[in-house]
Every structure is written in C-alpha cells, then in structure tokens.
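All remarks here apply to the structure that follows.
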C-alpha cells in the first residue's frame, strides 16, 4: 500500500505506524502461517453438519429415552404409586411394544411428591410414535389414565438420546438412590 497518500486528520494514525502494523499483521517471513494479529480478528467457523445431540448420540443403537414427571397431590401419593405399580408392568408385557419400562421412583429432594418414570424406545422416534399410537387403543392404559387423573397436579415429558460415552441404564436389584442432572 501507498501510505503517503493518506490524509492527515486529527486523531489519525501516522503512516509509519500504519505501515508497521500492516507488516506485523502480514508475517511474510512465515509462509503458510497466519499472523497472531490477523488471528485476533479473522476466525473461520465451519458450519455444523448435524444437531449437537445427534453428533454425541450412539449411532448403532439409536435408543431414545423418555423421562416422565408427575407431580402428585400429597394426599394421593401412596394410592397413586400403588395403581401405577399394578398397572404399568401389565401394559408393558406386550412384546409388540418397541419400548422397555426401565424404572420408576419418587423424588425425595427437589420437587416433593413427584413420581418419575423412565422408558427406552428401541428404534428412536419411529418407535415412540408407534407406542403412542398403540397406547391410544389400549384399554388398560385408558383405565390407568382415568384412575390417576384426579391425583395429579401436573406432568411433563422429556425426550433424550443415548449418548455415546454413557452406559445403557440398567434397573437396580434393590432400593437405590439416583441423582438427576441436566446439562
């Protein structure tokens, strides 16, 4: 560049200072390398090729998990647990449901009077859709929903994919304590 043609304005940098900065930024003495000054201002960001959760998920098994949270009226927690313990295993005895009932528990810390359920869907989202459609026609499930409807305050479901660096959840042999974390 020809720095001598730059106008002198109040507060403008001198041509010799600009020339020195340009030389510092260009680093001609190391071909193929980016100078440290250019690296401060120019970042090349590669576009993501897939959702972050898909990049971390298991590719071979592609299991989908559902956590279901039910906030139960305190006076109904015992009877709610009894109904669910009797009916949920019966519903999941059907071998044509592409899901596994992994476990159920009550919260002792955090949300009180909360029941939590964990299901695994072998075949990811299509398996979940198939189970939802089958449950709409299942009379035992309709009875369970009706029986527990007056006992609930609220509920929510969360879906998540199995991550490649975690082991598959296995039901415990006896009473256990779990810690739920969100990242």
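The values are calculated or read from the model by the stated rules, or taken from the named source; none is laboratory data. Because the structure is predicted, anything quoted here is derived from the model rather than measured. Quick reminder, even Gly has a Cβ in these numbers, built from the backbone with ideal geometry, and neighbours come from all protein chains shown.
So which of 126, 98 ends up being at pLDDT 90 or above and within 21 Å of residue 163 (Cα to Cα)?
Every option except 126 fails the conditions.
Name the residues in region 82-111 that are in contact with a strand residue (DSSP E or B) (Cβ under 9 Å, 6 or more places away or on another chain) and within 20 Å of residue 180 (Cα to Cα), would you?
100, 101, 102, 103, 104, 105, 106, 107, 111, listed by residue number.
Looking at (1) without any contact (Cβ under 8 Å) to a residue 24 or more places away in the chain; (2) in the same structural domain as residue 97 (by TED's automatic domain parsing); (3) over 24 Å from residue 96 (Cα atoms), find the lone condition where residue 175 falls short.
Residue 175 satisfies every listed condition except (2).
Got a sec? Which of 147, 127, 115 is within 13 Å of residue 88 (Cβ to Cβ), in the same structural domain as residue 74 (by TED's automatic domain parsing) and in contact with a strand residue (DSSP E or B) (Cβ under 8 Å, 6 or more places away or on another chain)?
115
Is there a residue being farther than 21 Å from residue 146 by Cα, in contact with a strand residue (DSSP E or B) (Cβ under 6 Å, 6 or more places away or on another chain), surrounded by 14 or more Cβ atoms within 10 Å (Cβ to Cβ) and at pLDDT below 60 anywhere in region 57-72?
Yes - at least one qualifying residue is present in region 57-72.
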